[in-house]
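Quick notes on the structure that follows.
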Amino acid sequence: MDAAQTTVTPVVWIPETVQEAFALYQEFLPDAEWIAGGTWRQVEREKGKAFAGNVIVLERIFGLASLQEEEKYVRVGACMTLEQLIQEAVISREILGEAMRRIAAPAVRTRGTIGGNIMYGHGDTLPALIALQAELEIWNGESYDRIPVEEAASYDGVFLLTAVLLPKTLEAGPEEVHFFEKIGRREAFTASLLAVSGCFCRQGDGSVRARLALVGGKDAPLRLRQAEACVAEPGWTPEAFFEAFAADYQPEDEPFSSGNYRLQAAAHLFLSHLWLDDKAEKGGVHKA
Amino acid sequence: MKQPEYQRRPDAAPKVTGALKYLTDRFEENMLIGKVLRSEYPHARIKKIDTSAAEALPGIHAVLTHHDVPGLNRFGIVTPDQPVFCEDRVRYTGDAVAAVAAESAEAADQALAAVIVEYEPLPVLDSVEKALDPEAELLHEAGNILHEAYYTRGNLQEGFAGCTSIVEETYQLPRQMHGYMETEGGVVVPEKDGGISVYMATQHGFKDRFQLSRILDAPEEKIRIISSPIGGSFGGKDELNLQPYGALLALKAGLPVRVHNTREESVRAGLKRHPMAITMRTGADENGRVLAHETTIYADTGAYATLGPAILEFAVEHASGLYPIPNIATTGVSVFTNNGVAGEFRGFGGNQVTFALEGQMDRLAERLGMEGAELRAKNMRKPSDAGPLGQEIAPTDGGRMILEDVTAWQQLPLSNAGETPWVKNGRGGAVSMHGGGLGYGRLDPSGGRLALTKEGKLEAAFGFEECGQGIAAVIETVMKDTFSCHEEDIEITIGDTNKVPVSGSTTASRGTGMVWTAVENMKDSFRRQLLAEASRVTATAAADLYLGAGGVHKIGTEPSLFLSYKALAEYVQEGDIETHTAFDFPVTPDEIDSGHYLYSFGGVSAEVEVNLLTGTVRVLDLKQSVSAGPVMYPQGYRGQIEGGGIMALGYTLMEDAVMDEGRYQTENFDTYLMPGVKDLPDNVTVKPREEVMEGDIHGPRGVGEIGTIAVAPAIAEAIYQAIGARPHKLPVSREWVLQQIQQRGLLPWNKPEKIPGG
C-alpha cells in the first residue's frame, strides 16, 4: 500500500444533472472520476488505487435512480441499486434478477448500482444483459445515444451511462429458455470466475436460436457469436459446439483460475442447457 | 449436574450487541498512533536505514530502529530468532525495520514513507526445495533446517516384506490463515513507576511478559499484560506480534501508544498454518493388518522459528494416529524459507498429517477390497495400547467409540441420489486422535485461585484468555456445578497478569481440563473455608450448613438461604477465604520427548455434492463424533466442533494464502476466501461420546482443536466416492475436480479426446 496515496482527500462534487456531471468530468480530466455506489472503488482503494482528485458523485442526479416501464422496454436508471432492482418484480423474475441476487453480499447490493456493475467492466449483470438484448442509454456530451451492451467497451469517446433499456418483448416461457449461472471461488460473496448467460429458443429441426454471453475473471464481456452460429445448425454436436466456443473465447490464466478451467466449465454450463440428452447423469454414487 | 444444551454465556450479550470493548477499541488521553515499517523484500541485505527525515516531520514523537532496543533484539516463544527490528538483513516481507509513533495515523504513515531503507535484494528462497539446495544462501547461522524430528519402531523393511498391499502418495497441504476478525493490536500505557501496561491480545499473558522483559531489559514485575477479551486467535496470537513495538514506542515517547495491524499488515506479518508435503508409504497383509508405515514430512516454516519445532514433532507423533502399527519410520524436516512465518494454528500439525494418514487408510482399503471403516476397525488401538510414540498414555477407548459412529453414518442414504442432474454425491468418513497439553519435556504448569471477594462474589481466577472459544462459560459452568451457585454469585478474573495466577497457555486444548482440575483441587478447601466462616459468624454448626445459590444455606429452614455471600464478605477480610492450586498438565511417565498423555478423538462423516459441470464441491452434511471426556458447557462444545468443522471445510475446499516469490497474493479477504454462510453444510451433527475408562480421573479434555482434524480426509473420501478421483492436494480445487470428471468421461458429451484442452 502506498501510504501517502491513501491519505489524499479528493474534492467531492455532487452534480444534479447529467450534463453537469459530464462537464465536471471533462473539466478535471484526467484527475477526475465518476462514482455511484462506490462498492468496487472501495475495494480498489483498499488495494492502494487512490481516488482521483475530483470525485463526481452521480447518485443525486434526477432520473438516474428510477425505473420506468415503457411500451417496448423497461428503462432502468443507472444509479438504481442492485437491491432496489431485486425488489422490482419485472426485473426479479428474469435472469437479470438472478444475476443481481448472486452479486456480493446484502451490504454491497444495497449500495452498489447497476450502472457501476456495468461500467467497472466485468460485472455479473453483463452476460445477462447481453443475452436479454439490453441496450445502454448514454450521454456522450452532446446527445443521448443508445448502444448494445456488448459495444460499451469499444465505444469511441467518453460517455456517461444514464440508463439500461431492457426489451419487454423477450420473456422467458415454455419456448423461450433463459439462464444465468455464476461460478465464484465460493458459493456467495465472491467475485465471479465466470458468469454465463443465454436466451434461446429450440427449433423443430433440432437447431437452437440463441444469444449467448459470458464474462469471466478479468475478461471483457463476450457475446459468443460462433457458438450461437454453431447451435443454429440442425444436427449440431457438442464437439462442434466446443470448437466454435473455443474460437469465441480464449481466456488467459489468472491468479485464481486457469484459462482452460474457465473455458471448460463455461462450455459445460452452456451445453447443460442447450444439449438435450436423456443420458444426463442423475446424482448417485460413483461406481468404479 | 447435567447442563442444559443452551444457556447464555457470560460474554454473549456485550458481544452480540457490539457493546463489548476489545483491547483494540481502547482509547487513552494523549494516545499516539504507532506504525511499523515492514520489509519491501522477502530477502535482502539492509545497506542503510536513515530515519532523520521521518524524525523531522511534525507530530512525530518517536522513530525507532534496531538501535533503540535496550534488551534482546529478538523474540520467539522457544527460540528467540526473530528480530524485533532487523539490523542488516530481512528474511520475509513481514520483517520489521522501523517503527514510528505519531499524533495521527496520517502523520505516522507519512513518517514511515520518509524512512529511507536501502536494500540489496538477495535470491528469494520461496520453497522448501530451494532452501534445501546445497548452494542456497543460509537464512540463519545454523542453516536452513529449523528442526528435524524422527520416530522409528520395529523394522520397516521386514514390515513391508510381509505386506501384500502397499500404497504410496504425497499429500500437499496449504498455508491456511487463522482469519480472526480482530487483527493484532492494542494500546501500551507507560506507567508512573517506569513500567508499562500492555493492553494487547495474547494466548499466554505471562509468556508475553517474559518475552517483553527480555526485549525491554526490564523486570517482569514492571510489565502488566492485559490480554482479554480477544476477537479470535486460533493460535495466531500465541506468539508476540505488535507488543514489542507498542512497548518500545510508548516508553520512548512517554505516552500511550496504540498499534493495530490493518488486515494487509496482519496477513503479511502474521503466522499461518504450516504448508507441508507429506509422503507416506503404507502396507498391509492380506487380512488387512497394517504392518508398515513410512512417513516423510517437509514443512515450510517460513523465516523464523516460533513453535515450528513443536509443530513438526506433533506431526511426527501423530503420523500413525490411532493405529498401533508395528513397523514405523517417520521423518520430519522443518525448513526455513523466505515465505511468511508458519506457526501455531488450531490442530498444531495434526491436521496435515491426519489428512495424509487417513488418505492412506482409504487407499489401502480400496487396494484390499475392503470398506475403509473395516480396515480402520481391524487396526484400531485398544484401550490399554501405548501412545503413538510408544509412550504410556491414559487408557482410552475413544478411537473405537468414534469409529463406531462414523461406520454407522457411512451407511446412511445419500441425500439427493438420483434427483438432480449434473451432480454426483458421495460420503466419506475419517477418524483422528489428538494429544492435549504441550507434551513430555515441556514446561506445562497450570493452576487457579478461588476467593470470596469483598463484594461477596466467588472469584474464580485463571491465567487463561477468552478468545471467543468460551473459557469464561466453562469457568462459570464448572463453578455452578461445583458450588451449586448462580452465575451472579461468580466473578471471573482472567486476562491480566497482575490479577491472575499462573495457569499456562491458552493453547493445546488444555483450558477446559485445567479449569476443571483446578476447581476439583480447590473445591473442598474453599467450601470448608466458606462454611467455617459462616459457622463462626452465625454461631451455627458447620454440619448444618451447605453452599447454594446466593450464599450459605441451612438444612431444614425455609427459605434455606441463611447467609448471603455478600453478608459473609462483610465479616471477613479480603484474602481470608482464598485457596490456590498449582499443578502440571498430566504427562506420560515415559521419558519420550513431546509425547502426550491425554488424547481426544474425533470421527467425521461428510457428504458432498460435486457439480459435474464446474467441479464445485458442496458439503451437504457434516457429522462429528467426539470423545473428549465429559462435556462441561454443551453449547460451547458444540460451537467448538461445528466451528472447527467449518474452519476445516475451508481448509479442504478453498483456503490458501498463496505466495509468489515470497509475497502474499492474498492480501485481504477479497482474495483469501473463507467459507461464507452459503458454503456451510445444510446439516451439521455433533455427537459427544462422554464415556471414559473406569477410574479415569482426568475429567474433560479440551475440544478446541479436535473438530478440525479429520474433516479434510472425510471430505476427500466423499469426493472420491462421488467421482472416483482421490484428492491429494488441499485445497481441492474446482479445476482439479473438473479435470478428473473430464478424464473419467462423467458428462454425456464428455469424451476426453474431443474436448479442446481437456
For B:Tyr298, work out the one condition from (1) hydroxyl-bearing (Ser, Thr, Tyr); (2) surrounded by fewer than 20 Cβ atoms within 10 Å (Cβ to Cβ); (3) under 24 Å from the mean Cα position of the chain (by Cα) it doesn't fulfil.
(2)
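Could you check the range A:190-285 for helices (runs of 4 or more DSSP H) lying wholly inside it with 1 or more residues that are within 9 Å of chain B (Cβ to nearest Cβ), surrounded by 14 or more Cβ atoms within 10 Å (Cβ to Cβ) and modelled with pLDDT under 95?
A:238-248, A:259-274
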What are the residue pairs meeting all of these: first residue in the range B:599-616, first residue over 16 Å from B:Ala408 (Cβ atoms) and away from chain A (no Cβ under 14 Å), second residue of a type outside the set (A, V, I, L, M, F, W, C) and in a strand (DSSP E or B), Cβ atoms under 7 Å, and 6 or more apart or on different chains?
B:Tyr599/B:His434; B:Tyr599/B:Gly435; B:Ser600/B:His434; B:Ser600/B:Ser627
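Rundown of residues vs (1) open to solvent by less than 30 Å² (accessible area, probe 1.4 Å); (2) more than 16 Å from A:Glu171 (Cβ to Cβ); (3) at pLDDT below 95, yes/no style:
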| site | (1), (2), (3) |
| --- | --- |
| A:Val74 | yes, no, no |
| A:Ala78 | yes, yes, no |
| A:Thr81 | yes, yes, no |
| A:Leu85 | yes, yes, no |
| A:Glu94 | yes, no, yes |
| A:Ala107 | no, yes, yes |
Looking at the range B:614-632 only, could you name the residues that are surrounded by fewer than 24 Cβ atoms within 10 Å (Cβ to Cβ) and touching a Phe, Trp or Tyr at 6+ places or on another chain (Cβ under 6 Å)?
B:Val631
Is it the case that the range A:161-172 has a residue that's modelled with pLDDT of 90 or more and either open to solvent by 40 Å² or more (accessible area, probe 1.4 Å) or within 14 Å of another protein chain (Cβ to nearest Cβ) (or both)?
no
Tell me the residue from B:Thr538, B:Thr482 that is β-branched (Val, Ile, Thr) and touching a residue at least 40 places away in the same chain (Cβ under 8 Å), please.
B:Thr482
The range A:133-145: number of residues that are crowded, with 23+ Cβ neighbours inside 10 Å and either in contact with a Lys or Arg (Cβ under 9 Å, 6 or more places away or on another chain) or at pLDDT below 95 (or both)
1
Name the one entry in B:Met659, B:Met674, B:Met693 that is open to solvent by 10 Å² or more (accessible area, probe 1.4 Å) and either in contact with a strand residue (DSSP E or B) (Cβ under 8 Å, 6 or more places away or on another chain) or over 22 Å from B:Pro731 (Cβ atoms) (or both).
B:Met693
Being outside any strand (DSSP E or B), within 19 Å of B:Thr512 (Cα to Cα), in contact (Cβ under 8 Å) with a residue 60 or more places away in the chain and small (Gly, Ala, Ser) is the requirement here; does B:Gly643 meet it?
yes
Scanning the range B:511-546 residue by residue, the ones that are buried (at least 17 other Cβ atoms within 10 Å of the Cβ) and closer than 27 Å to B:Ala628 by Cβ total 13
Of the listed residues (B:Ala714, B:Ala710, B:Ala725, B:Ala718), the one being over 24 Å from B:Thr420 (Cα atoms) and in the same structural domain as B:Val604 (by TED's automatic domain parsing) is B:Ala710
Can you confirm whether B:Gly340 is buried (at least 24 other Cβ atoms within 10 Å of the Cβ) and within 20 Å of the chain's Cα centre (by Cα)?
yes
Restricting to the range B:146-180, name every residue that is open to solvent by 70 Å² or more (accessible area, probe 1.4 Å), farther than 22 Å from B:Asn287 by Cβ and either assigned by TED's automatic domain parsing to the domain that holds B:Val732 or among the β-branched types (Val, Ile, Thr) (or both).
B:Thr152
Inspect the range B:11-23 for any residue being open to solvent by less than 40 Å² (accessible area, probe 1.4 Å) and at pLDDT 95 or above and give the result as yes or no.
yes
Select the strands (runs of 3 or more DSSP E) contained entirely in the range B:515-599, then report the ones holding at least 1 residues which are under 40 Å from the mean Cα position of the chain (by Cα) and of a type outside the set (D, E, K, R).
B:545-548, B:551-554, B:578-584
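Residues of the range A:147-170 being part of a loop (DSSP other than H, G, I, E, B) and touching a residue at least 24 places away in the same chain (Cβ under 8 Å), which ones? Full working, then the answer.
From the range A:147-170, those part of a loop (DSSP other than H, G, I, E, B) are A:152-159, A:168-170; that's our starting set.
A:Ala152, A:Ala153, A:Val158, A:Lys168, A:Thr169, A:Leu170 - these are the residues of the range A:147-170 that are part of a loop (DSSP other than H, G, I, E, B) and touching a residue at least 24 places away in the same chain (Cβ under 8 Å).
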What's the total number of residues in the range B:680-726 that are closer than 30 Å to B:Gly436 by Cα and within 14 Å of another protein chain (Cβ to nearest Cβ)?
5
Output the residue which, of all residues in the range B:249-295 that are part of a strand (DSSP E or B), open to solvent by 40 Å² or more (accessible area, probe 1.4 Å) and over 30 Å from B:Ser197 (Cα atoms), is nearest to the other protein chains (Cβ to nearest Cβ).
B:Arg281
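The values are calculated or read from the model by the stated rules, or taken from the named source; none is laboratory data. Since we're looking at a predicted model, the values are computed, not measured. Please note: Cβ atoms are built from the backbone with ideal geometry, for glycine as well, and neighbour counts cover all protein chains shown. These area figures cover heavy atoms from the full protein model, side chains too; ligands, DNA and RNA do not enter into them. Shrake-Rupley method; radii C 1.70, N 1.55, O 1.52, S 1.80 Å.
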